[in-house]
1. Please identify which residues in the stretch 96-112 have an amide N closer than 18 Å to a label point set 7 Å out from the Cα of residue 69, following the Cα→Cβ vector.
2. Considering the chain as a Gaussian network with a 10 Å cut-off on Cα pairs, which listed residue, 28, 116, 153, attains the greatest mean-square fluctuation?
3. Leaving out same-chain residues fewer than 8 places away, which lysines sit with a Cα under 20 Å from that of residue 44?
4. Given the Cα atoms of the stretch 4-173, and with Rh set as the inverse mean 1/r over their pairs in the Kirkwood sense, what is Rg to Rh to two decimals?
5. Over the chain, what is the mean sequence separation of C-alpha contacts under 8 Å (at least six apart), divided by residue count, expressed as relative contact order in percent?
6. Which value in deg cm²/dmol, rounded to the nearest 500, describes the helix-derived mean residue ellipticity at 222 nm for the chain, given -39,500 (n - 2.57) per DSSP H run of n ≥ 4 and division by the residue count?
7. Need the full-extension length gain, residue 137 to residue 125, defined as separation in residues times 0.36 nm minus the C-alpha distance. One decimal, nm.
8. Tell me, what ³J(HN,Hα) does each residue in the stretch 16-24 have, in order and in whole Hz, if you take phi through Karplus 6.51 cos²θ - 1.76 cosθ + 1.60 with θ = phi - 60° and put x for Gly and Pro?
Amino acid sequence: MSQREYHIVVLGSGGVGKSCLTAQFVQNVWIESYDPTIEDSYRKAIMVDGRQVILEILDTAGTEQFSEELYMKTGQGFLLVFSITSMTSLHELAELRDQIIRIKDDMRVPIVLVGNKSDLEEDRAVSRARAFAVSQSWGGCPYYETSARRRANVDEVFTDLCRQIILKDMKDAQ
Ligand code: GDP
Ligand code: MG
């Protein structure tokens, strides 16, 4: 059986923890301070429902419009990350999602909404209910709260996104 390879793009405002989440997922390390301008891609093989898949993960850093369009075209699944300590970071995702749907010309793009920094409960500015309501308004995409710092729910968000890509592939093939 051929090995499947999927392109995942991690998007969200600066400082929400995209690089820390990616590093935890790919390398199992907590990096306290990551260069905010570094945009890089990483590969990791994981098992999803008994099948090995290769993920090619692009950790974005808010670059120019040109490359944004390009990776939105190449991306098959998107992690839209905000910080539960910042309402603005949640609001900024709406425009990104609109852009993805416009560029891919597909309402059913696999997306997972991620509220990161769940360890900072005392600084919470976005309630679970609020974020969940947003995910529902986005066609019922999954919503997870993660902590890159504590490595909580990190594997889950990538695996769920991967599962959605596989499901969509199967539906499109029908
Ligand atoms: P990016 O700009 O979205 O890539 O954000 P980074 O991954 O560089 O993280 C920005 C800052 O948030 C850094 O100071 C991290 O240490 C911090 N950070 C990232 N994830 C978490 C988390 O889950 N919990 C806490 N407490 N801090 C985090
Ligand atoms: Mg970063």
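1. 96-106
2. Fluctuation is largest for 28.
3. Leaving aside lysines fewer than 8 places away in the same chain, those within reach of residue 44 are 18.
4. Here Rg/Rh amounts to 0.93.
5. 25 percent
6. Calculated from helices alone, the mean residue ellipticity at 222 nm is -12500 deg cm²/dmol.
7. Details: separation 12, 0.36 × 12 = 4.32 nm, distance 1.97 nm.
Extending this stretch completely gives an extra 2.4 nm.
8. 7, x, 4, 5, 5, 5, 5, 5, 5
Rule-based calculations on the coordinates, nothing more; no lab input. Nothing here was measured: the structure is a model prediction, and the numbers come from that model. Cβ atoms come from the backbone with ideal geometry, glycine included; neighbour counts cover every protein chain shown.
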